[in-house]
1. With the condition kept exactly as written, say whether any residue in region B:113-129 is in a strand (DSSP E or B), in contact with a helix residue (DSSP H, G or I) (Cβ under 6 Å, 6 or more places away or on another chain) and buried (at least 22 other Cβ atoms within 10 Å of the Cβ).
2. Does residue B:86 meet the test of being within 14 Å of chain A (Cβ to nearest Cβ), more than 22 Å from residue A:84 (Cβ to Cβ) and surrounded by fewer than 22 Cβ atoms within 10 Å (Cβ to Cβ)?
3. Quick check: is even one residue across region B:65-78 surrounded by fewer than 21 Cβ atoms within 10 Å (Cβ to Cβ), within 27 Å of the chain's Cα centre (by Cα) and away from chain A (no Cβ under 14 Å)?
4. Got a number for residues in region B:1-46 being under 23 Å from residue B:224 (Cβ atoms) and assigned to a strand (DSSP E or B)?
5. Determine if region A:189-211 includes at least one residue that is part of a helix (DSSP H, G or I) and within 30 Å of residue A:79 (Cβ to Cβ).
6. Run residue A:6 past the list (1) within 14 Å of chain B (Cβ to nearest Cβ); (2) touching a helix residue (DSSP H, G or I) at 6+ places or on another chain (Cβ under 7 Å); (3) at pLDDT 90 or above and report the number of the one that doesn't hold.
7. Within region A:94-107, can one find any residue that is touching a strand residue (DSSP E or B) at 6+ places or on another chain (Cβ under 9 Å), within 11 Å of another protein chain (Cβ to nearest Cβ), surrounded by 20 or more Cβ atoms within 10 Å (Cβ to Cβ) and under 24 Å from residue B:56 (Cα atoms)?
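The values are calculated or read from the model by the stated rules, or taken from the named source; none is laboratory data. Computed from a prediction, not measured in an experiment: that's the story for all the values here. Methodologically, a virtual Cβ is constructed for each residue, glycine included, from the backbone with ideal geometry; neighbour enumeration extends over all protein chains shown.
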């Protein structure tokens, strides 16, 4: 089972990398992304980029954007390109196909985000280190890794469920884009509240135990990951995928 | 492996109100190329999907390589190879990467995988282009690569769903030759669906004809020709008088005749001698220039079966 998952993962990653970075435009888009979140934003944030625990929220949120495009394509795209039926006619189990695709997308998103984190660290050290080595505090580093994995897992499992149900890759991508709005609800929603309430929320956040909030949020996302993955596994039926 | 590679018993599949496969009972001996013929929409692809366990039958049973497709579909798919309606190649990847992926899927060990990929790509004439992405290839090249992928893990049974459909005649003939050579060399059972009757005649040791999901006939192409298609003869000449035609119609070996394009087409009852019939024509003043005698083709058999079914 593990070797089958790895086989599917390997193929998926190869396709993502071939299409994403194979062309000159693809390489350029990677450079832009790494430039913005690896150089520009850390440079603007200064030492806070390394020291503030709030940066963890960004790491949990960012993978969604790098997952959305590829995950939409995972099943709907294969069906459109007529490669899915051949894959389904092979000896691979349902779980190996599904988990291989899911883990490939998570690996891609996490790899990209962790690369940004490392480049960001170098940027902050170059600009603001003043001779001392600045590092993410261990708790922040661990939280960052966990947040990225959970965030990419949530996006990937939701995306796979959408891709399994979508008629076309474009339809799946559109649904994934709609979900991005949900990510902005807490930010814009807070700004719509009366100033008094906003002040209360800020005060509560300042006084709150961020570690506890992080754990609670992580737990909720973990449960959601599990529920979405179980739904995707239940939805994965060879006959249905061929006939839909 | 059993002597029968595929056995179906009243295999039936309904899609809402449409019966795609209707009580199909079939036995495919191991080690032969078996042609599954039928017009478009006759249930050929659905049958392959049922045999691979990708769809469940509504009723009936299929046993493939000794495994019931309803309960042991995984075991069937673990042993069989399939080139389905579409070639199913990853067009963003190279030819080598495509085979590498499926080699890993079939768990071929590293050195064996590399050797097998080289062997198949060399046999199909694609070795020099192995690093090119498949997306830019012609349909013929893609089909060859897809055939190579199907045979990669040396399956005892392969399903080929209209492998030459959409190819130009040269590419189709080339692929047909390679298919025949590969199948003979690998010694596999080939379940070939096609509506190209020349292809079936050239490749298949046994054929089955279906229409609207129902099996109309099954047997060796020669058996079907003997059983269904009538031998024919064509006489080219002049002065086909009514008297000459009447004299010919009276002969027991003549089933029917028709004057067309300056010639006379004769449907014979069985493998009849032509000399007595030519004598009759000459006696009645017909000037005979040429006599051609031909066997009924599989196409004639197929068309006869379709006509009978429609009636």
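1. Checked region B:113-129: no residue is in a strand (DSSP E or B), in contact with a helix residue (DSSP H, G or I) (Cβ under 6 Å, 6 or more places away or on another chain) and buried (at least 22 other Cβ atoms within 10 Å of the Cβ).
2. It is false that residue B:86 is within 14 Å of chain A (Cβ to nearest Cβ), more than 22 Å from residue A:84 (Cβ to Cβ) and surrounded by fewer than 22 Cβ atoms within 10 Å (Cβ to Cβ).
3. Taking every residue of region B:65-78 in turn, at least one turns out to be surrounded by fewer than 21 Cβ atoms within 10 Å (Cβ to Cβ), within 27 Å of the chain's Cα centre (by Cα) and away from chain A (no Cβ under 14 Å).
4. Result for region B:1-46: 22.
5. No, region A:189-211 has no match at all.
6. (2)
7. Within region A:94-107, not a single residue is touching a strand residue (DSSP E or B) at 6+ places or on another chain (Cβ under 9 Å), within 11 Å of another protein chain (Cβ to nearest Cβ), surrounded by 20 or more Cβ atoms within 10 Å (Cβ to Cβ) and under 24 Å from residue B:56 (Cα atoms).
Here's the yes/no breakdown for (1) touching a helix residue (DSSP H, G or I) at 6+ places or on another chain (Cβ under 8 Å); (2) within 14 Å of chain B (Cβ to nearest Cβ); (3) surrounded by fewer than 21 Cβ atoms within 10 Å (Cβ to Cβ); (4) at positive phi:
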position: A:63; (1), (2), (3), (4): yes, no, no, no
position: A:91; (1), (2), (3), (4): yes, yes, yes, no
position: A:113; (1), (2), (3), (4): yes, no, no, no
position: A:126; (1), (2), (3), (4): no, no, yes, no
